[in-house]
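K.L.:
Sharing a structure below in structure tokens format, with a few things to ask.
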Number of protein chains: 2
Amino acid sequence: MNDSASAVSSPASRSTGLLTDKYELTMLQAGLRDGTAHRKAAFEVFARRLPGERRYGVVAGIPRVLKAIEDFRFTEDQLADLDFLDEQTIEYLRNYRFSGQVDGYREGELYFPNSPLLTVRGTFGECVILETVILSIMNADSAVASAASRMVVAADGRPIIEMGSRRTHEYAAVTATRAAYLAGFTSTSNLEAAYRYGIPASGTAAHAWTLAHVNDDGTPNEEAAFRSQIETDGVDTTLLVDTYDITKGVETAIKVAGTELGGVRIDSGDLGAVTRRVRKQLDDLGAHNTRIVVSSDLDEFSIAGLRGDPVDGYGVGTSVVTGSGEPTASMVYKVVEVEGHPVAKRSSSKRSVGGAKRAIRTHRSTGVALEEIVFPFDAEQPEVPSHLTVRELTVPLMRDGHVVEGLPTLEESRAFLAEIRGTLPWEGLALSKGDVPVSTRMVGFPPAK
Amino acid sequence: MNDSASAVSSPASRSTGLLTDKYELTMLQAGLRDGTAHRKAAFEVFARRLPGERRYGVVAGIPRVLKAIEDFRFTEDQLADLDFLDEQTIEYLRNYRFSGQVDGYREGELYFPNSPLLTVRGTFGECVILETVILSIMNADSAVASAASRMVVAADGRPIIEMGSRRTHEYAAVTATRAAYLAGFTSTSNLEAAYRYGIPASGTAAHAWTLAHVNDDGTPNEEAAFRSQIETDGVDTTLLVDTYDITKGVETAIKVAGTELGGVRIDSGDLGAVTRRVRKQLDDLGAHNTRIVVSSDLDEFSIAGLRGDPVDGYGVGTSVVTGSGEPTASMVYKVVEVEGHPVAKRSSSKRSVGGAKRAIRTHRSTGVALEEIVFPFDAEQPEVPSHLTVRELTVPLMRDGHVVEGLPTLEESRAFLAEIRGTLPWEGLALSKGDVPVSTRMVGFPPAK
């Protein structure tokens, strides 16, 4: 224990070793004693179902996972705290560097129930202790990206600003921003995400700005707030017009900025009715190019509901950083192969298929995705009819503990997702609950012994 | 931008300055130009409603907030990235140290809609830019603590292990653990939380451990897994008995460990029916003291549903770290006073009461809480009838930018919550949706101008 009130990560923050569950290390210890830790094993990340009966999920967090695996090591301070372990285990952790193989889906790839998203191969000991941190990252990032992708589709080309940092853990906010941007959000309010990931930052003013402009007798002075903002940020800024009265706010905004005002933001009320009224008011005032940006607890459904209204951009906060009702992607990390033998849990509700896996997706000549075929990792790729095209979903990510060269950048993964999302059958983009549009078929797996 | 795949926080992690929204800094810049930044202001954290129509919320994250405020400063690297700001603003941020006053509710205190949870006083400029990081921490930590508290009540004295790290962001996991422990959870699986906050860690083995023990022909060998675990961890360990067949698993567990086995864990199936059967089986085998621990997507409702069953402990994961359906506490940070004048937004759905505030709670002679009374920060404490006792809810937290001495430790706040929770009227502990059991009354505020 070092800092009981730390708002940020500990000084040993380059180490991810303690971002793990105690039982991973007690299993390691028992495994070092009985030899199990040295057995060859394969672990797999997959999801038994998609949260909220959604139609597809978006894989996110892959570069963060690979970095966390590389940083999975232990400082002497940390080791001193692990007093429940014997000397052999401490020594193992002191020297720990993951030296195995990781293969999996690209960041930005679509996934479905039972897609083999990540396959981690090495010794049982070196793989088992990575479970927690791999799942933390993939579950958090994929939950946000999956929700964000639905919002991007609902927005139908209109820009969305991510502005939910205040609604989630201070560092989860940073990576949520990254996941939202991956999914097609245009920019973010979060400056740490802009700094760390190069994501465009945006934002102009809050209600506090308008409220801070009171006259000497305490009466509001919205005009002074607008005038000052225009003087500092120029007429292309966006003025927040709903602090007191929206109609009056719009009138004051144009009076101060002129008809070249960049935009107005509305953060309350019945946004459909209000935006129609404001658009008419702006047009009547001659401010035809002044954009209307809306915020206020928007999610994919309310975004879609505004499709027919004069909205030029959305600001989305709470719903995107919390996965819009589904804050975790419910992915699991299961051992699937030990010394070449497929293994799987058999208890009633959580059955799975043993054996390390890879996957391909078939597409019709139109480009539309048809089926995901999952087959044994070391097997030949299954034959598919010649009128279908085949895309390999499983790509090498780490070799002998090192991240492979040439993995896509965040921008490239963002473009990849935008393209791949277009291959979903049309029902796959529906916001309603329902069946997944691309089924997953397991080919070539023997029954468990 | 420095590290595009960082799994952890940046090397400048002691700085929380960039954990903010861009508009906070553009407002600061405009405020430095027009003088607003130097006006005396008070900001307030409060929640307009409790998520999910719950009966009470639990304040959490206070020491983390105070630390984040102390660490709110900017490195030269960070400043270089803020190229949208003028030199005057950059210079302000370079020298920024919060020097104002913070007062608020203790960590572990109960709260209700419109409770004035935190009051931050200083200049408009120095207070406004703290909004995002204060809310991130309080919203995340209070969401978890509020959900966790309901689970602790539902468990009715039985221990609960927090084991949800894998279902949320890798650092949100650490602070979620802290919030769950504050609320009365007994221990955690998360080793970083154990290291950082001194929370007891627990956990024994996963299904992977059992699955890794296969014979040379690939057939399962649960007995070898159990035997090895017992040899390493002793007979007081907990064996996970549901990898293949629960009845067979229990039989094997007792065969290997003897009747002094510490516990068995069951992670699937109809837990009520299964625990009753397993209890009978254990008793028939003479293992009367062997505990039964259950896990598998438990939340406060399923915990309560098992109250009549032979369960000795719960493992709770996803639901607690995600706030059991309410992943954020929806607290806001609003300017309430400028140069001594109360200010408040007036737009339809988001009205609030202006003016800096403090609060007391009255209790009947039985100790039961009656009412929360909110009054102007600088006013005299309102008179209450002499048969009621009064508790001051607002305490000093920072003076002139420094955290006050003697704030409670995590253990003390945990004990405080356990005690204060006992003052709720009985309907306040109900899990069902409903009205809050303690109403909040505003006294002595003039109408906004």
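The values are calculated or read from the model by the stated rules, or taken from the named source; none is laboratory data. Since the structure is predicted, the reported quantities are computational estimates derived from the model, not experimental observations. All Cβ positions, even for glycine, are placed from backbone atoms using ideal geometry, and neighbour counts span all protein chains on display. Side chains included, ligands, DNA and RNA excluded: accessible areas come from the protein's heavy atoms. Shrake-Rupley method; radii C 1.70, N 1.55, O 1.52, S 1.80 Å.
K.L.:
I'd like to check something: does segment A:227-237 contain any residue that is closer than 13 Å to A:HIS207 by Cα and among the hydrophobic types (A, V, I, L, M, F, W, C)? First the steps, then the outcome.
P.N.:
Residues of segment A:227-237 that are closer than 13 Å to A:HIS207 by Cα, as a first pass: A:229.
Of the ones still in play, those that are also among the hydrophobic types (A, V, I, L, M, F, W, C) are none.
Checked segment A:227-237: no residue is closer than 13 Å to A:HIS207 by Cα and among the hydrophobic types (A, V, I, L, M, F, W, C).
Okay, residues lined up against (1) among the aliphatic types (A, V, I, L, M); (2) farther than 20 Å from B:PHE112 by Cα; (3) within 14 Å of chain A (Cβ to nearest Cβ):
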site	(1), (2), (3)
B:GLU380	no, yes, no
B:GLU383	no, yes, no
B:VAL395	yes, no, no
B:MET398	yes, yes, yes
B:LEU407	yes, yes, yes
B:LEU417	yes, no, no
B:THR423	no, no, no
B:LEU431	yes, no, no
B:ARG441	no, no, no
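K.L.:
Could you tell me which residue of segment B:194-205 is nearest to A:ASP81 (Cα to Cα), considering only residues that are open to solvent by 10 Å² or more (accessible area, probe 1.4 Å) and among the aliphatic types (A, V, I, L, M)?
P.N.:
B:ALA194
K.L.:
Restricting attention to segment A:171-197, which residues are farther than 27 Å from A:PHE46 by Cα and at the interface with chain B (Cβ under 10 Å from one of its Cβ atoms)?
P.N.:
A:SER187, A:THR188, A:SER189, A:ASN190, A:LEU191, A:GLU192, A:ALA193, A:ALA194, A:TYR195, A:ARG196
K.L.:
Further question: Give segment B:208-221 a look and list any residue that's buried (at least 24 other Cβ atoms within 10 Å of the Cβ) and in contact (Cβ under 8 Å) with a residue 24 or more places away in the chain, or say none.
P.N.:
B:TRP209, B:THR210, B:LEU211
K.L.:
How many residues does segment A:171-193 contain that are closer than 17 Å to B:PHE84 by Cβ and surrounded by fewer than 24 Cβ atoms within 10 Å (Cβ to Cβ)?
P.N.:
Going through segment A:171-193 one residue at a time, the tally reaches 2.
K.L.:
While we're looking at this one, here's another question. Is it the case that some residue within segment A:212-229 is more than 9 Å from chain B (Cβ to nearest Cβ), of a type in the set (Ser, Thr, Tyr) and part of a helix (DSSP H, G or I)?
P.N.:
No; the residues of segment A:212-229 include none that is more than 9 Å from chain B (Cβ to nearest Cβ), of a type in the set (Ser, Thr, Tyr) and part of a helix (DSSP H, G or I).
K.L.:
Can you tell me which residue in segment A:155-170 is surrounded by the fewest Cβ atoms within 10 Å (Cβ to Cβ), limited to those that are within 7 Å of chain B (Cβ to nearest Cβ) and under 14 Å from the mean Cα position of the chain (by Cα)?
P.N.:
A:SER165
K.L.:
Right, something else. Would you pick out the residues in segment A:392-404 that are farther than 12 Å from A:LEU66 by Cα, in a strand (DSSP E or B) and open to solvent by 50 Å² or more (accessible area, probe 1.4 Å)?
P.N.:
Within segment A:392-404, A:GLU392 is the sole residue that qualifies.
K.L.:
Next question, about the same structure. Please give the number of the condition A:SER9 fails out of (1) open to solvent by less than 10 Å² (accessible area, probe 1.4 Å); (2) modelled with pLDDT of 95 or more; (3) within 11 Å of chain B (Cβ to nearest Cβ).
P.N.:
(2)
K.L.:
So, one more: Which of (1) touching a Ser or Thr at 6+ places or on another chain (Cβ under 7 Å); (2) surrounded by 13 or more Cβ atoms within 10 Å (Cβ to Cβ) is the odd one out, the single condition B:HIS387 does not satisfy?
P.N.:
Only one criterion in (1) touching a Ser or Thr at 6+ places or on another chain (Cβ under 7 Å); (2) surrounded by 13 or more Cβ atoms within 10 Å (Cβ to Cβ) is unmet by B:HIS387, namely (2).
K.L.:
Follow-up question, since we're still on this one. Run A:THR177 past the list (1) touching a strand residue (DSSP E or B) at 6+ places or on another chain (Cβ under 6 Å); (2) farther than 26 Å from A:LEU18 by Cα; (3) in a helix (DSSP H, G or I) and report the number of the one that doesn't hold.
P.N.:
If we test A:THR177 against (1) touching a strand residue (DSSP E or B) at 6+ places or on another chain (Cβ under 6 Å); (2) farther than 26 Å from A:LEU18 by Cα; (3) in a helix (DSSP H, G or I), just (2) comes out false.
K.L.:
Since B:VAL133 meets every condition but one in (1) assigned to a loop (DSSP other than H, G, I, E, B); (2) under 30 Å from B:ALA30 (Cα atoms), which condition does it not meet?
P.N.:
(1)
K.L.:
In the list A:LEU32, A:LEU50, which residue meets the criterion of being touching a residue at least 24 places away in the same chain (Cβ under 8 Å), open to solvent by 10 Å² or more (accessible area, probe 1.4 Å) and within 11 Å of another protein chain (Cβ to nearest Cβ)?
P.N.:
Details: A:LEU50 fails: within 11 Å of another protein chain (Cβ to nearest Cβ).
The conditions single out A:LEU32.
K.L.:
Out of all the residues in segment B:198-211, which are within 7 Å of chain A (Cβ to nearest Cβ) and either among the hydroxyl-bearing types (Ser, Thr, Tyr) or in contact with a His (Cβ under 6 Å, 6 or more places away or on another chain) (or both)? Even if it seems obvious, please write down each step before you answer.
P.N.:
Within segment B:198-211, the subset within 7 Å of chain A (Cβ to nearest Cβ) is B:198, B:201-209, B:211.
The answer is B:SER202, B:THR204.
K.L.:
Any residue that is assigned to a helix (DSSP H, G or I) and either farther than 22 Å from A:MET442 by Cβ or of a type in the set (Val, Ile, Thr) (or both) - is there at least one of those in segment A:366-386?
P.N.:
No, the conditions are met nowhere in segment A:366-386.
K.L.:
Further question on the same structure: Within segment B:230-261, which residues are within 10 Å of chain A (Cβ to nearest Cβ), charged (D, E, K, R) and not in a helix (DSSP H, G or I)?
P.N.:
B:ASP242, B:ASP245
K.L.:
Now a separate question. Hey, B:ALA344 hits all of (1) assigned to a loop (DSSP other than H, G, I, E, B); (2) away from every other protein chain (no Cβ under 14 Å); (3) among the aliphatic types (A, V, I, L, M); (4) farther than 30 Å from B:ASP156 by Cβ but one; which does it fall short on?
P.N.:
With respect to (1) assigned to a loop (DSSP other than H, G, I, E, B); (2) away from every other protein chain (no Cβ under 14 Å); (3) among the aliphatic types (A, V, I, L, M); (4) farther than 30 Å from B:ASP156 by Cβ, B:ALA344 is out only on (2).
K.L.:
Against the condition more than 30 Å from A:SER432 (Cβ to Cβ) and open to solvent by less than 10 Å² (accessible area, probe 1.4 Å), how does A:THR75 come out, does it pass?
P.N.:
Taking the combined requirement at face value, the residue does not satisfy it.
K.L.:
Condition first: buried (at least 24 other Cβ atoms within 10 Å of the Cβ), under 23 Å from A:PHE377 (Cβ atoms), modelled with pLDDT of 95 or more and not β-branched (Val, Ile, Thr). Can you find one or more residues in segment A:140-154 that meet it?
P.N.:
So far as segment A:140-154 goes, yes, one or more of its residues are buried (at least 24 other Cβ atoms within 10 Å of the Cβ), under 23 Å from A:PHE377 (Cβ atoms), modelled with pLDDT of 95 or more and not β-branched (Val, Ile, Thr).
K.L.:
Assess whether A:ILE134 counts as being more than 24 Å from B:THR318 (Cα to Cα) and not small (Gly, Ala, Ser).
P.N.:
Taking the combined requirement at face value, the residue does not satisfy it.
Residues checked against (1) at positive phi; (2) charged (D, E, K, R); (3) more than 13 Å from every other protein chain (Cβ to nearest Cβ); (4) surrounded by fewer than 23 Cβ atoms within 10 Å (Cβ to Cβ):
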position: A:ASN289; (1), (2), (3), (4): no, no, yes, yes
position: A:SER296; (1), (2), (3), (4): yes, no, no, yes
position: A:ALA304; (1), (2), (3), (4): no, no, yes, yes
position: A:GLY323; (1), (2), (3), (4): yes, no, no, no
position: A:GLU337; (1), (2), (3), (4): no, yes, no, no
position: A:GLY340; (1), (2), (3), (4): yes, no, no, yes
